[in-house]
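Here the structure comes first, spelled out in structure tokens, and everything after it is commentary.
The values are calculated or read from the model by the stated rules, or taken from the named source; none is laboratory data. None of these values were measured; they are calculated from a predicted model. Note that we place each Cβ from the backbone using ideal geometry, even for glycine, and neighbour counts take in every protein chain shown. We work out accessible area using only protein heavy atoms, side chains counted, and drop any ligands, DNA or RNA first. Shrake-Rupley method; radii C 1.70, N 1.55, O 1.52, S 1.80 Å.
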Amino acid sequence: DVLVARFPARVQASLGLVGDILIALAAGGILWRIWLGLGEKFPYGSDAFREAIGFGSRPFFVETTYELELPIWIPFAAATFGATVFFVVALYTVWRSLNWTLEGAEGRA
């Protein structure tokens, strides 16, 4: 921040855009891997439907937690929802930073 604060507004906005793009890429990678994990644990759906959404074949048995016997796919579904929200917010920040870069200043409305 000490170094970047001395740059012109357009350069500051461009550096912010680069950082936001990197975070969006990380969020996309996290979402992708959690989605694949959900596909391995989710025991329902026809083979055609599962192939269409990228889940692959069904597991042989429903995996559960040891003590509570909660199906593992339920926490994976919750994590998928959270990762999706993270990815959408990251895409929004890229869009916002792109607008700031094109305007040449941060936060002008």
Given the criterion without any contact (Cβ under 8 Å) to a residue 12 or more places away in the chain and either of a type in the set (A, V, I, L, M) or surrounded by 13 or more Cβ atoms within 10 Å (Cβ to Cβ) (or both), identify the matching residue among 33, 50. 50
Those residues of the stretch 11-30 which are among the polar types (S, T, N, Q) and open to solvent by 50 Å² or more (accessible area, probe 1.4 Å), in sequence order: 12
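Every residue, every condition in (1) assigned to a loop (DSSP other than H, G, I, E, B); (2) more than 24 Å from the chain's Cα centre (by Cα); (3) over 29 Å from residue 22 (Cα atoms); (4) β-branched (Val, Ile, Thr), yes or no:
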| residue | (1), (2), (3), (4) |
| --- | --- |
| 50 | no, no, yes, no |
| 67 | yes, yes, yes, no |
| 76 | no, no, no, no |
| 79 | no, no, no, no |
| 82 | no, no, no, no |
| 91 | no, no, no, no |
| 96 | no, no, no, no |
| 99 | no, no, no, no |
Within the stretch 38-45, does at least one residue satisfy the condition of being acidic (Asp, Glu), part of a helix (DSSP H, G or I), within 27 Å of residue 70 (Cβ to Cβ) and out of contact with any strand residue (DSSP E or B) (no Cβ under 6 Å at 6 or more places or on another chain)? yes
Looking at the stretch 52-65 only, could you name the residues that are in a loop (DSSP other than H, G, I, E, B), more than 27 Å from residue 94 (Cα to Cα) and among the small types (Gly, Ala, Ser)? 56, 57
For the stretch 1-10, name all the residues that are loosely packed, with under 12 Cβ neighbours inside 10 Å, in a helix (DSSP H, G or I) and among the aliphatic types (A, V, I, L, M). 4, 5
Within the stretch 66-88, the residues that are without any contact (Cβ under 8 Å) to a residue 24 or more places away in the chain, open to solvent by 50 Å² or more (accessible area, probe 1.4 Å) and not acidic (Asp, Glu) are 66, 68, 70, 74, 75, 78, 81, 85, 88
